[in-house]
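In what follows, a structure is listed as structure tokens, so that the remarks can point back to it.
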Amino acid sequence: AVNPKGFNKNIHVLQDYPATSTDEGRAMLQIVHDVAPGAELYFRTGFLTAGDFATGINELTAAGCKVIVDDVTYITEPYLKDGVVAKAVDAAKLNGVSYFSSAGNFGKKSYEKDFRPVDAATAGFSGKKAHNFSNTGIDILQRVTFAPGNYTIVLQWVDDIYTSPIGQISGTKFDLDMFWTSNTNGTGLKGFNRDNTNGDPLEIMPFTINTTTDASFLILNNTSGGFPARIKYIIYRGDVQILEWPGGTSTVVGQANALGAIAVGAARFDKVPSYKPYNLTVPKIEDYSSIGGTKTEGVVRQKPDLVAPDGGNSTVKMGQDYSNAETGVELDGYSNFFGTSAAAPHAAAVAALIMQGRKKFLAQATTTPDAIKSFQLQYRGVFN
């Protein structure tokens, strides 16, 4: 169909994903076009590898893009250090790019603490140390409850990263393992652990739960003579209730947590102050919208930076068409796009409008990423 306003330029595709996918990138570009229809659109997949994702950021920057937005999460990218993608984001910002990244849809399902070693003999690991979850005594088991479903949990710790292309010649000095057990005495441990020494400081624990299960986590240090300074796990998939010793709730990591990124959380489109009949004074943040506060490179980073709406229409099948009799929203035949993946392009598109407005009305040829962020924070009601 011909755009009635004449915005009919083709999208510049630098590289597409070589297999069948959800076409989520197209849905994101539709949001950008809805908000800033005159923006010239580029696409470059970030789904191949983290290293290729970083290359894609560099390519978009070289192509002249002044606003870049992503919604990609690599669970193997470091939490507690800046990885290759985060560094590419910081480099893009230095080149004048306003970089937006979805905060993530992982809520506050995480744990982060300095590693506190205590004897692990009670769990059958004589001579080894486990992490002490307790804030007041000694407890190497953290009680949780699993709902039925599939799970993916990732543990990381501060150390060198073998696969990092930043010039390190060796990987982690420590070998940590993460287990879960349904036994209260620490026996019957289950895990998918490997020897991490000289590799990457991470363990991935995938499993399936068939019935509601009371369980415990145990984190073990297999390395004698030392231990990492800090550990963090994130529950990427699965419904876990952490029953004791919560520590840190942040799930904003990777490039969304980069200093150069503007991380975007999500507020449901019909739960904002201007939407009747709720009479809200502030937007209602989506429960799944990721919480910030990860301690990266030794400093707690306050994220997300902004909140933008999700739940808008898309011709891409991203979910069910939304209907709510209370709010009067009717079925309209379009799929609704929820999540921080939908919020981030809303904020990115507003950035394009800010650039256009400052150029047209203030004769400012360029607008720095810091100015964009400052303006959006000051006038956040425009897109909240």
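The values are calculated or read from the model by the stated rules, or taken from the named source; none is laboratory data. All values reported here derive from a predicted model rather than from experimental measurement. All Cβ positions, glycine included, derive from the backbone under ideal geometry; neighbour counts span all protein chains shown. Ligands, DNA and RNA are excluded from the accessible area calculation, which covers all protein heavy atoms including side chains. Shrake-Rupley method; radii C 1.70, N 1.55, O 1.52, S 1.80 Å.
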*By DSSP, what percent of the beta bridges with both residues in segment 5-150 are antiparallel, rounded to the nearest 5?*
30
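Roughly speaking, to the nearest percent, how much of segment 104-228's 1.4 Å accessible area is carbon and sulfur? Kindly include the intermediate steps, with their values, before the conclusion.
On the way: 2940 of 5680 Å².
Heavy-atom surface of segment 104-228 belonging to carbon and sulfur, 1.4 Å probe: 52 percent.
How do L243, L41 stack up against each other in accessible area, from largest to smallest, with a 1.4 angstrom probe?
Largest to smallest exposure gives the sequence L243, L41.
Per residue, what accessible area does the chain have, given a 1.4 Å probe and all protein chains present, in Å²? Walk me through the numbers before you get to the answer.
Values: 18110 Å² over 384 residues.
So the chain comes to 47 Å² accessible per residue, rounded to a whole number.
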*asked:* Probe radius 1.4 Å, ligands and nucleic acids ignored: give me the carbon and sulfur share of the accessible area of segment 33-77 as a rounded percent.
replied: 54
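Before rounding to the nearest 500, sum -39500 (n - 2.57) across all DSSP H runs of length at least 4 in the chain and divide by the residue total; then give [θ] at 222 nm in deg cm²/dmol. List each step's numbers first, then the result.
Working: 5 runs with 69 residues, N = 384.
Taken over the chain, the calculation gives -6000 deg cm²/dmol.
Please state the relative contact order of segment 55-124 as a whole percent: Cα pairs under 8 Å, 6+ residues apart?
On the way: 43 pairs, mean separation 26.6, N = 70.
It comes to 38 percent, rounded to a whole number.
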*asked:* Could you derive backbone 3J(HN,Hα) for segment 41-54 from the dihedral phi with the Karplus parameters 6.51, -1.76 and 1.60 (θ = phi - 60°), listing whole Hz in sequence and x where the residue is Gly or Pro?
replied: 9, 10, 9, 8, 4, x, 8, 7, 8, 4, x, 5, 4, 4
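Please give the contour-minus-distance gain from D239 to H12: 0.36 nm per residue of separation, less the Cα-Cα distance, rounded to one decimal in nm. Walk me through the numbers on the way to the answer.
On the way: separation 227, 0.36 × 227 = 81.72 nm, distance 3.94 nm.
Residue separation times 0.36 nm, minus the Cα-Cα distance, leaves 77.8 nm.
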*asked:* Below 8 Å between Cα atoms, with a sequence gap of 6+, how large is the relative contact order for the chain in percent?
replied: 21
*Please give the peptides 178-188, 15-25 ranked by average Cβ packing (other Cβ atoms within 10 Å per residue), highest first, as a rough proxy for protection.*
178-188, 15-25
*Within segment 334-361, which residues have the backbone N less than 16 Å from the label spot 7 Å out from R26 along Cα→beta-carbon, could you tell me?*
334-337
*With r defined as the distance between the Cβ atoms of S374 and T49 and R0 fixed at 30 Å, what FRET efficiency is calculated, to the nearest 0.05?*
0.30
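May I ask you to rank L306, L259 by accessible area, largest first, using a 1.4 Å probe over the protein chains only? All intermediate terms of the calculation are to be shown ahead of the outcome.
On the way: L306 10, L259 120 Å².
Ranked list, largest accessible area first: L259, L306.
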*Can you give the Rg to Rh ratio for segment 64-123, taking only C-alpha atoms and Rh from Kirkwood?*
1.17
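Summing Lys, Arg as +1 and Asp, Glu as -1, what charge do residues with Cβ under 11 Å from the Cβ of N58 carry, N58 excluded?
Numbers: positive: R44, K87; negative: D52, E59.
Net charge in that neighbourhood comes out at 0.
Students often check this: by mean Cβ neighbours within 10 Å, which of 120-127, 309-316 ranks highest, and how do the rest follow?
Highest mean packing first, the order is 309-316, 120-127.
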*Under 28 Å Cα to Cα from K87, which lysines show up? Leave out anything in the same chain fewer than 8 places away.*
K66, K108, K109, K113, K173, K232, K295, K303, K373
*Could you sort D321, D332, D287 by accessible area so the largest value comes first, with the probe set to 1.4 Å?*
D287, D332, D321
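Just round it to a whole percent: the fraction of Cα-Cα distances in the chain exceeding 38 Å. Don't skip to the end; give the middle numbers.
On the way: 18038 of 73536 pairs.
Percentage above 38 Å: 25.
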